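The structure under discussion appears below in the form of structure tokens.
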Amino acid sequence: MITRVIALISTSLLLAAGLVFAPPVQISVDLGSASGSFDVKPADQSVVCPGPLFVTGGASGTDLGAFDRTGSTTLRYSADGTGSLEVRSIAAGDPAVTTLGSGRIYSAGDIGNATELKNTGASAGSAQGSMVVTGSTTQIVGIDSMRGLAAASCQQPSNDIWLIGGSTAPGREALLILTNPTPIDATADLTVYSDLGEIEVAGLSGISVLANSTAVLSLASFAPTVATLAVQVQASGAKLAGWIQHRVMNGTESLGVDLISPSPAPQLVSVIPGFVVRGTEAINQIAVTEAIADAAHSVRVFAPTGANVTIQIVSTSAEVFGAVLTGVIEPGTVQDFPVTELLDGNYSVFVTSDQPVFATAKAAIGNNGGTPRMDFAWISASEPITTARAVMTSGIVPPEGASYIVIGNPFDAVKSATITSLETGIATVVSVPAFGSAEVAITGAASIASDSEIYASVALLVSGQIASLAISDPTNVGNSVQVRFR
């Protein structure tokens with residue numbers, strides 16, 4: 001036993017001596033060899049198109065809180081890329097799938113609900129944007145409680161939506177429409193502004209928008225008898241598409257309806273092309289003789305931090321004078337600038353300010369002896385266009401109606417733009433004068449491109465009624481992610 005203990009002690013001493021006097025061992029780990037860069041593919045490109053307009057009150061017209069769609073709306077779209085195009089009603093059902101890659105496709109048909117257009121399975125590195133998927137809806141409604149032309153470009157869902165327009169004054173209705181195209185429930189928080197500032201009432205936060213559904217809210221519930229509205233929608237859980245449906249009544253007579261689409265980020269220079277004026281005499285009669293002040297044209301400006309603004313309205317004709325308006329807007333308030341005494345014609349609106357502002361314009365059209373006697377369109381400020389963009393205009397051609405791409409140039413140098421019919425390939429080069437505007441009549445799918453920054457939108461005229469389409473470029477951004485393993 002003593003011998004074993006002595007042997008164990010001797011062995012331990014030898015091991016300890018080896019650790020003390022052994023040469024050092026260098027151990028290194030090359031973290032670079034255990035790391036890498038991985039490309040994250042952008043999310044599938046998706047745009048959401050509004051369905052038919054909503055009628056308040058249900059079938060009886062007296063059911064408070066009931067909102068039913070009326071009729072159908074015509075969806076026109078075009079796509080060209082790789083992978084497939086899925087066309088899916090938000091309500092339910094499997095999508096209709098078309099394989100892309102064999103040339104541009106076109107479609108037109110009636111829909112009864114909001115609809116999603118999604119490019120799935122696109123090749124790695126494939127482009128996104130309106131040249132890949134673009135669409136719009138148009139609806140002429142002619143029921144007793146609602147008459148007019150409403151149109152909207154299909155929009156990319158977002159977590160942050162600004163809607164500048166609408167009114168809840170007597171005889172006016174503003175419905176907030178929120179569509180969730182995803183399989184995940186969303187929650188929306190609203191911030192509502194007026195000419196007096198932010199409106200603080202209960203019920204503006206935690207609004208549920210269920211998966212694959214559309215929620216409709218009357219803004220009069222939060223902001224009754226407010227003539228100047230601006231609304232921010234912040235969504236969590238899922239991205240939403242949003243519009244304001246604005247309707248005007250004078251007693252039992254309908255005086256127009258439109259869909260207000262989201263505005264781009266606030267700018268120091270906001271350009272609103274496509275300010276189309278028709279039927280001035282009829283509009284003035286309604287506005288002055290019948291004392292309907294908001295029947296006339298107007299420009300609405302929301303200044304989050306306050307601003308001094310100058311509004312210039314320029315015609316596409318060098319022989320027609322427009323208008324110049326100025327004003328001071330208090331922080332967090334909305335202000336309307338009435339526009340009077342414009343001759344019939346096509347115009348662009350330039351809003352310059354010393355602080356970033358949101359701006360939209362409401363163009364009215366008079367139709368003496370027609371039904372309705374007037375209609376109106378809310379026109380959002382345009383995004384700057386520096387690469388080719390596509391837009392799906394109406395299929396209406398003269399004499400029934402017309403559609404124009406109206407271009408605005410807020411710079412002190414002449415700009416040029418190329419408008420191309422995607423269906424015929426016919427291209428038209430347009431010169432846009434400094435601080436000026438120009439127009440091109442076109443129908444169907446078209447693209448607009450310029451080698452320098454310009455602004456544009458589409459004006460639609462059908463049977464004495466008016467609407468507007470935004471020219472946007474919805475994209476999702478991929479990324480390169482550095483990953484390191486330890």
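The values are calculated or read from the model by the stated rules, or taken from the named source; none is laboratory data. Predicted, not measured: the structure shown is a model, and the values here were computed from it. For neighbour counting, all protein chains shown are included, and Cβ atoms are generated from backbone atoms with ideal geometry for every residue, glycine included.
A compact table of results
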| item | result |
| --- | --- |
| Meets criteria (touching a residue at least 24 places away in the same chain (Cβ under 8 Å), closer than 26 Å to residue 229 by Cα, among the small types (Gly, Ala, Ser) and assigned to a loop (DSSP other than H, G, I, E, B)) for residue 382 | yes |
| Number of the exception - residue 180 against (1) in contact with a strand residue (DSSP E or B) (Cβ under 9 Å, 6 or more places away or on another chain); (2) modelled with pLDDT under 95; (3) of a type outside the set (Val, Ile, Thr) | (2) |
| Residue match in segment 161-171 (condition: among the hydrophobic types (A, V, I, L, M, F, W, C), in contact with a Cys (Cβ under 8 Å, 6 or more places away or on another chain), modelled with pLDDT of 95 or more and buried (at least 20 other Cβ atoms within 10 Å of the Cβ)) | no |
| Strands (runs of 3 or more DSSP E) (entirely within segment 385-461) containing at least 3 residues that are within 20 Å of the chain's Cα centre (by Cα) and buried (at least 16 other Cβ atoms within 10 Å of the Cβ) | 389-392, 401-409, 445-449 |
| Evaluation of residue 175 against (1) within 30 Å of residue 368 (Cβ to Cβ); (2) assigned to a loop (DSSP other than H, G, I, E, B) (one fails), failing number | (2) |
| Top-ranked residue in segment 27-78 [being part of a loop (DSSP other than H, G, I, E, B), of a type in the set (Asp, Glu) and over 22 Å from residue 472 (Cα atoms); ranked as modelled with the lowest pLDDT] | 30 |
| Filtered residue count, segment 66-94, keeping only those that are in contact with a Gly (Cβ under 9 Å, 6 or more places away or on another chain) and either under 17 Å from residue 244 (Cα atoms) or loosely packed, with under 13 Cβ neighbours inside 10 Å (or both) | 5 |
| Candidate set from segment 95-120 (those that are of a type in the set (S, T, N, Q) and exposed (fewer than 14 other Cβ atoms within 10 Å of the Cβ)); member that is farthest from residue 209 (Cα to Cα) | 102 |
| Residue match in segment 131-153 (condition: among the charged types (D, E, K, R) and more than 24 Å from residue 91 (Cβ to Cβ)) | yes |
| Among the candidates 145, 126, residue that is closer than 22 Å to residue 101 by Cα and at pLDDT below 95 | 126 |
| Unique residue being out of contact with any Asp or Glu (no Cβ under 6 Å at 6 or more places or on another chain) and assigned to a strand (DSSP E or B) when the list is 203, 242 | 242 |
| Residue match in segment 279-298 (condition: of a type outside the set (S, T, N, Q), closer than 24 Å to residue 435 by Cα, over 22 Å from the mean Cα position of the chain (by Cα) and in a strand (DSSP E or B)) | no |
| The one condition in (1) farther than 26 Å from residue 401 by Cβ; (2) buried (at least 17 other Cβ atoms within 10 Å of the Cβ) that residue 189 fails to fulfil | (2) |
| Verdict on residue 252 being in contact with a strand residue (DSSP E or B) (Cβ under 7 Å, 6 or more places away or on another chain) and at negative phi | no |
| Segment 250-274 residues that are in contact (Cβ under 8 Å) with a residue 24 or more places away in the chain and farther than 18 Å from residue 311 by Cα, paired with ones that are assigned to a strand (DSSP E or B) and acidic (Asp, Glu) (beta carbon under 6 Å, 6 or more apart) | 256/375 |
| Single residue of 233, 226 found to be closer than 17 Å to residue 201 by Cβ, over 22 Å from the mean Cα position of the chain (by Cα) and touching a residue at least 24 places away in the same chain (Cβ under 8 Å) | 226 |
| Test: residue 347 is crowded, with 24+ Cβ neighbours inside 10 Å, more than 30 Å from residue 197 (Cβ to Cβ) and either touching a residue at least 24 places away in the same chain (Cβ under 8 Å) or out of contact with any Pro (no Cβ under 8 Å at 6 or more places or on another chain) (or both) | yes |
